[in-house]
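A.B. asks: I have a structure here, written as C-alpha cells, and I will follow up with some questions on it.
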Amino acid sequence: MTANIVLLPGDGIGPDVVKSAVDVLTRVGEIYGHRFNFTSKLIGGEALRQGLGALPDDTRDACKASDAVLLGAVGDPSFDNRPPAERPEAGLLGIRREMQLFANVRPAKVWPGLEQSGPLKPEILAGTDLIVVRELTGGLYYGKPRGIEPDGSAAVNTMIYTRPEIERVARVGFKLAQARGKRLLSVDKANVLEVSRLWRTVVTEVAKEFLDVTLAHELVDAAAMKLALAPSKFDVIVTGNLFGDILSDEAGAICGSLGLLPSASLGEGPGLFEPVHGSAPDIAGRDIANPIGTIASAAMLLSDGLGLAKEAAAVNAAIEHVLASGLRTADIAPAGVKPTGTRAFTDAIVAALA
Ligand code: IPM
Ligand code: MG
C-alpha cells in the first residue's frame with residue numbers, strides 16, 4: 001500500500017523519538033512492500049517560535065488530508081507564563097479537536113523483562129495488561145466558560161459532557177473489551193459531580209448493546225488506588241478527559257516508565273498516534289530518550305490507522321526482542337547496566353525487524 005503519513009515532531013524529545021519511529025516504519029515498508037510518504041509539519045512551541053500559531057493552518061490541513069499522523073511531543077517551559085491559547089499545548093488540543101479524535105486509546109502492559117523496572121513488586125505487576133480509553137475532545141479541557149478574571153481574583157473552567165459524546169466513547173471502550181477480557185470499568189466521580197452522574201447513566205444504557213461485556217463503575221479516587229494496589233485486575237477502563245489524563249500517567253509509571261506507553265487517538269477520519277510521555281526538555285537532543293513509546297505508537301498507526309496488523313505485530317516483536325537481548329535506555333536501566341542511547345536502541349529494533 002501507499003500511505004501518506006504526516007509527522008508532527010513538536011518540542012523537546014519529540015524530534016528524537018519521531019526520527020526513531022520513522023526509521024522503523026521505513027524498514028517495515030521495505031520488508032513488506034509498502035510505500036510510506038512522510039511529510040513533516042510544525043506544531044506547538046516549534047511553530048510558536050517561528051511566529052506562527054501553535055497549530056498552523058497548513059499543519060491542520062495536512063493532518064486532515066493524511067492517512068495517519070504521528071506526533072512526538074508538545075510542551076516547552078519557556079511559554080509557561082503565556083495564556084492558554086499561546087502555549088504549545090494549544091496546538092495539541094487544537095489538532096485533537098480539529099480532527100475530532102474523541103477516543104484516546106492508551107494500552108499499558110508490562111513488557112517482558114521489565115517486571116522489575118517499575119515501583120511495584122514484580123509479583124503485583126505480573127500480568128498487567130490494561131487499556132485506558134480516555135475521552136479526548138470534551139470535558140473540562142474544552143468546556144466553556146473558561147478564563148481568569150483580569151484582576152486575578154478568580155478563574156473558571158467548565159466540565160461538560162453531552163449524551164452523544166459519552167455514548168461514542170463508551171462504544172469504543174465496549175468494543176475493545178469485547179475483543180479481549182470482556183470487562184469494562186467506567187471511571188467517574190458520580191458521588192460529587194452531576195457530569196459524572198450523567199456519564200454513569202449513559203454508559204449503563206450503552207451496555208445494553210454489548211451483552212457479552214461486564215460493565216462496572218468505580219470512582220476515580222478508588223480507581224487510582226486500585227491501579228497502584230492491583231493493576232493486573234484491570235481490563236479496559238473508559239473515562240473522561242481529565243481522569244483519563246491522570247490515570248494513564250499512573251498506569252505508565254506502574255509499568256516501569258512513561259517512556260514505554262503508546263497511544264492512538266481515534267475519530268471518524270485519520271488517526272493520530274503519539275507516545276503518552278511529554279516533551280522532557282531536560283533531555284531533548286541528548287540521545288537519552290526512550291523511543292519505545294513512539295515506536296509502539298507507530299505500531300498502533302500500522303494496525304489501527306492503516307489496517308496492517310501483521311506489520312504492527314512485527315514491530316512489537318522487534319521491541320520485545322531488543323528488550324530480551326538486555327539493552328535498556330536510561331529510564332529503565334537497572335543499577336549496573338550501562339544505558340543504551342536513543343539511536344543505538346532504535347538501530348537494534350530496526351535490525352531485529354529483518
Ligand atoms: C497528554 C498530555 C496533554 C494532555 C498535555 C500536553 C496537554 O498530558 O497527552 O496526556 O493533557 O492531554
Ligand atoms: Mg497527560
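The values are calculated or read from the model by the stated rules, or taken from the named source; none is laboratory data. Computed from a predicted model, the values in this text were never measured in an experiment. Note: ideal-geometry Cβ built from the backbone for every residue, glycine included; neighbour counts use all protein chains shown. Accessible surface is based on the protein model in full, side chains and every heavy atom, while ligands, DNA and RNA are left aside. Shrake-Rupley method; radii C 1.70, N 1.55, O 1.52, S 1.80 Å.
A.B. asks: Let's test the formula: R0 of 45 Å, r as the Cβ-Cβ distance of Ile160 and Tyr32. What FRET efficiency results, to the nearest 0.05? Walk me through the intermediate numbers first.
C.D. replies: Working: r = 44 Å, r/R0 = 0.98.
After rounding, the FRET efficiency stands at 0.50.
A.B. asks: Give or take rounding to whole Å, what are the principal axis extents of the alpha carbon atoms in the range 219-268, in descending order?
C.D. replies: 35, 26, 18
A.B. asks: Moving on to the next point. Calculate, for the chain, the solvent-accessible area per residue in square angstrom, rolling a 1.4 angstrom probe over the heavy atoms of the protein chains.
C.D. replies: Numbers: 14940 Å² over 354 residues.
Accessible area per residue: 42 Å².
A.B. asks: Ranked from highest to lowest mean number of other Cβ atoms within 10 Å per residue, what is the order of the peptides 196-202, 49-55?
C.D. replies: On the way: 196-202: 19.0, 49-55: 16.4.
Going by the mean number of other Cβ atoms within 10 Å, highest first, we get 196-202, 49-55.
A.B. asks: Translational diffusion coefficient, Stokes-Einstein: compute it for the range 13-98 using the Kirkwood radius over C-alpha pairs as Rh, at 4 °C and 1.567 mPa s, and state it as an integer in µm² s⁻¹. Show your work: numbers first, answer last.
C.D. replies: Values: Rh = 13.9 Å.
Value of D from the Cα-based Kirkwood radius: 93 µm²/s.
A.B. asks: Identify all aspartates and glutamates with a Cα-Cα distance to Lys208 below 16 Å; exclude those on the same chain that are fewer than 8 residues away in sequence.
C.D. replies: Glu167
A.B. asks: In the structure displayed, which of Lys144/Lys182; Lys182/Lys310; Lys121/Lys189 lie more than 32 Å apart, Cα to Cα? Provide the component values of the computation, followed by the final result.
C.D. replies: Working: Lys144/Lys182 36 Å; Lys182/Lys310 23 Å; Lys121/Lys189 29 Å.
The pairs that break the limit, which is 32 Å between Cα atoms, are Lys144/Lys182.
A.B. asks: Along the charge dipole of the range 80-222, Cβ charges K/R +1 and D/E -1, which of Val105, Gln178, Gly118 sits furthest on the positive end?
C.D. replies: Of Val105, Gln178, Gly118, it is Gln178.
A.B. asks: Let me ask something additional. Can you say what percent of the DSSP beta bridges in the chain, counting only those with both residues inside, are antiparallel? Round to 5.
C.D. replies: Details: 15 of 43 bridges.
Rounded to the nearest five, the antiparallel share is 35 percent.
A.B. asks: Not counting ligands, DNA or RNA, and with a 1.4 Å probe, what is Glu320's accessible surface area in Å² rounded to the nearest 10?
C.D. replies: Roughly 70 Å² of Glu320 is accessible to a 1.4 Å probe.
A.B. asks: Let me ask something else. Kindly work out what percent of the DSSP beta bridges joining two residues of the range 1-98 are antiparallel, to the nearest 5. Write down the numbers at each step before the final one.
C.D. replies: Working: 0 of 11 bridges.
In the range 1-98, approximately 0 percent of DSSP beta bridges are antiparallel ones.
A.B. asks: Please state the relative contact order of the chain as a whole percent: Cα pairs under 8 Å, 6+ residues apart?
C.D. replies: Values: 782 pairs, mean separation 78.3, N = 354.
Computed value for the chain: 22 percent relative contact order.
A.B. asks: How high is the relative contact order of the range 12-109, in percent, with contacts defined as C-alpha pairs under 8 Å that are six or more residues apart?
C.D. replies: Details: 91 pairs, mean separation 29.6, N = 98.
That works out to 30 percent.
A.B. asks: Rounded, prolate or oblate: which one fits the range 31-165, using the alpha carbon gyration tensor with axes a ≥ b ≥ c (rounded when a/c is under 1.5, else prolate when a/b beats b/c, else oblate)? Please list the in-between numbers first.
C.D. replies: Details: a/c = 1.76, a/b = 1.24, b/c = 1.42.
Oblate, since a/c reaches 1.5 and b/c is not below a/b.
A.B. asks: What is the packing order of peptides 97-105, 228-236, 4-12, taking the mean over residues of other C-beta atoms within 10 Å and listing the highest first?
C.D. replies: Numbers: 97-105: 20.7, 228-236: 17.4, 4-12: 25.2.
Ranking the peptides 97-105, 228-236, 4-12 by packing returns 4-12, 97-105, 228-236.
A.B. asks: Under Stokes-Einstein, with the Kirkwood radius over Cα pairs standing in for Rh, what whole-number D in µm²/s applies to the chain at 4 °C and 1.567 mPa s?
C.D. replies: Working: Rh = 20.7 Å.
Translational diffusion coefficient: 63 µm²/s.
A.B. asks: I've got another one for you. Give the relative contact order (percent, whole number) for the range 155-262; include only Cα pairs under 8 Å separated by 6+ residues.
C.D. replies: On the way: 123 pairs, mean separation 33.2, N = 108.
The normalised contact order for the range 155-262 reaches 31 percent.
A.B. asks: So, one more: For the range 64-142, what is the largest minus smallest coordinate of the Cα atoms on each principal axis, given in angstrom and ordered from greatest to least?
C.D. replies: Sorted largest first, the three principal extents are 45, 32, 25 Å.
A.B. asks: In debye, nearest 20, what is the charge dipole magnitude of the range 142-273 about its Cα centre with +1 on Lys and Arg Cβ and -1 on Asp and Glu Cβ, if you could check? Don't skip to the answer; put the middle values down first.
C.D. replies: Working: 15 positive and 16 negative charges, 91 e Å.
Charge dipole of the range 142-273: 440 debye, to the nearest 20.
A.B. asks: Also, quick follow-up: Can you give me the % of accessible surface on the range 25-164 that is carbon or sulfur? Probe 1.4 Å, all protein chains present, nothing else counted.
C.D. replies: Numbers: 3440 of 6840 Å².
Heavy-atom surface of the range 25-164 belonging to carbon and sulfur, 1.4 Å probe: 50 percent.
A.B. asks: Roll a 1.4 angstrom probe over the protein heavy atoms and tell me the percent of accessible area of the range 199-354 that is carbon or sulfur. All intermediate terms of the calculation are to be shown ahead of the outcome.
C.D. replies: On the way: 3520 of 5860 Å².
Taking all protein chains in place, the range 199-354 shows 60 percent carbon and sulfur surface.
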